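Worksheet: the structure to be examined is printed underneath.
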Amino acid sequence: QVQLVESGGGLVQPGGSLRLSCAASGITFPFYAMAWYRQAPGKQRELVAAITSGRNTNYADSVKGRFTISRDNAKSTVYLQMNSLKPEDTAVYYCNAGAASINYWGKGTLVTVSS
């Protein structure tokens, strides 16, 4: 059974930082590209950051220079370090694991950026 479990969300003030984690089980983690998506109220889900099995990364323009995605294959975990958070970063953040035509999703963790 495949599970992706996100953690690390919460309430943070503008300018603050959070680190999200996504622990994977039931998959051969090193073979999967991993990504973080987010969905704000009333908006479509969007890609935030992705990291391939070879550790190549890409980011949404809105988070470049502020967010960093990384992976620890030994722990089957992907991280999203979020710095200089803005109110518009408020959303539910979802972890995604993909390989070929296979995609798995976590249930999400809520990030709220507000003073």
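The values are calculated or read from the model by the stated rules, or taken from the named source; none is laboratory data. This structure is a prediction, so every number in the text was calculated from the model and none was measured. Please note: Cβ atoms are built from the backbone with ideal geometry, for glycine as well, and neighbour counts cover all protein chains shown. Areas reflect the complete protein model, heavy atoms only, side chains present, ligands, DNA and RNA absent. Shrake-Rupley method; radii C 1.70, N 1.55, O 1.52, S 1.80 Å.
Structure notes:
- Residue pairs meeting the criteria (Cβ under 6 Å; at least 6 apart or on separate chains; first closer than 19 Å to Leu18 by Cα, in region 54-79; second aromatic (Phe, Trp, Tyr) and modelled with pLDDT of 95 or more): Ser70/Tyr79
- Taking region 51-90 as the region of interest, the strands (runs of 3 or more DSSP E) fully inside it that hold 2 or more residues being open to solvent by less than 60 Å² (accessible area, probe 1.4 Å) and in contact with a Lys or Arg (Cβ under 7 Å, 6 or more places away or on another chain) are 77-82.
- Set Ser115, Ser76: member being of a type in the set (Ser, Thr, Tyr) and closer than 21 Å to Val2 by Cβ: Ser76
- Residues of region 36-50 classified as surrounded by fewer than 14 Cβ atoms within 10 Å (Cβ to Cβ) and either among the aromatic types (Phe, Trp, Tyr) or on the phi > 0 side of the Ramachandran plot (or both), total: 1
- Residues of region 17-35 satisfying the condition of being surrounded by fewer than 14 Cβ atoms within 10 Å (Cβ to Cβ), more than 17 Å from the chain's Cα centre (by Cα) and touching a residue at least 24 places away in the same chain (Cβ under 8 Å): Gly26, Phe31
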